[in-house]
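The block underneath contains the structure these notes are about, expressed in structure tokens.
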Amino acid sequence: MKITPPLSPSGAKDKGEWPTPTRAVIRRMFKDGRSQREIVHDTKVPRRTIRRIIRQESSRRDRKRKDKRHYIMSIREIRRCIRYISFDWSTRRMSFEQVRVQLGVKASARTIRRELRLAGYRRCLSCPRPFISRKQARRRFAFALKHRWWGTSEYAAFRDDGKEGGDWRKVIWSDEASFWTGM
């Protein structure tokens, strides 16, 4: 009994892949006990390709798509971790292992870190800010109010309304800075 494969005369290759019907015919012929040489003679498909088709488990080379990602941590647990960590300074300083123990999460510390990073949470050291007392803040505010009408024009330097004006062009700027440490 001879099986005639449904092949077109050109060999019917589609972007480097043989179509599924051709693959099915080659597999059926091999299961029926035909040798690779006989399959080559009947189908006009190269012998190396026939070997590859027979060895493959599926009908195509590309991977079958997964249904969806398997999550070790649920979205609810991830949100709970983020809420707990960002609660205050002491919880932000905790290691992921301590967070895992504290919240009773079954995932490892590494998984918690990875899932939080994927959720957009990231840890970083806060930038140090200078200490400004209320007295310094009041003085800075008074300076800003006093000099808010200063500018770089003649009008700003010599005001008509009697208010004190100034010209920032006449101020000497340097890269030195003086500051109070909060006494």
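The values are calculated or read from the model by the stated rules, or taken from the named source; none is laboratory data. Quick caveat, the model's predicted, so the values are computed rather than measured. Every residue, glycine as well, gets a Cβ built from its backbone with ideal geometry; the counts of neighbours run over all protein chains shown.
Residues in the range 100-114 that are out of contact with any Lys or Arg (no Cβ under 8 Å at 6 or more places or on another chain) and either exposed (fewer than 13 other Cβ atoms within 10 Å of the Cβ) or assigned to a helix (DSSP H, G or I) (or both): ARG100, VAL101, GLN102, GLY104, LYS106, ARG110, THR111, ARG113, ARG114. Can you say whether GLU97 is surrounded by 11 or more Cβ atoms within 10 Å (Cβ to Cβ), in contact (Cβ under 8 Å) with a residue 24 or more places away in the chain and part of a helix (DSSP H, G or I), as far as the supplied structure shows? The answer is no for GLU97. Among residues of the range 12-26 that are among the hydroxyl-bearing types (Ser, Thr, Tyr), those with a beta-carbon under 8 Å from a residue that is at pLDDT 60 or above at least six positions away or on a different chain give the pairs THR22/THR43; THR22/VAL45.
Of note, SER153 does not satisfy the criterion of being modelled with pLDDT of 85 or more and not β-branched (Val, Ile, Thr). With respect to ARG159, is the statement that it is at pLDDT below 75, assigned to a loop (DSSP other than H, G, I, E, B) and outside the structural domain of TRP89 (by TED's automatic domain parsing) true? Answer is yes for this residue. All of ARG76, ARG28, ARG55, ARG60 fail the test of being modelled with pLDDT of 85 or more and surrounded by 10 or more Cβ atoms within 10 Å (Cβ to Cβ), apart from ARG28.
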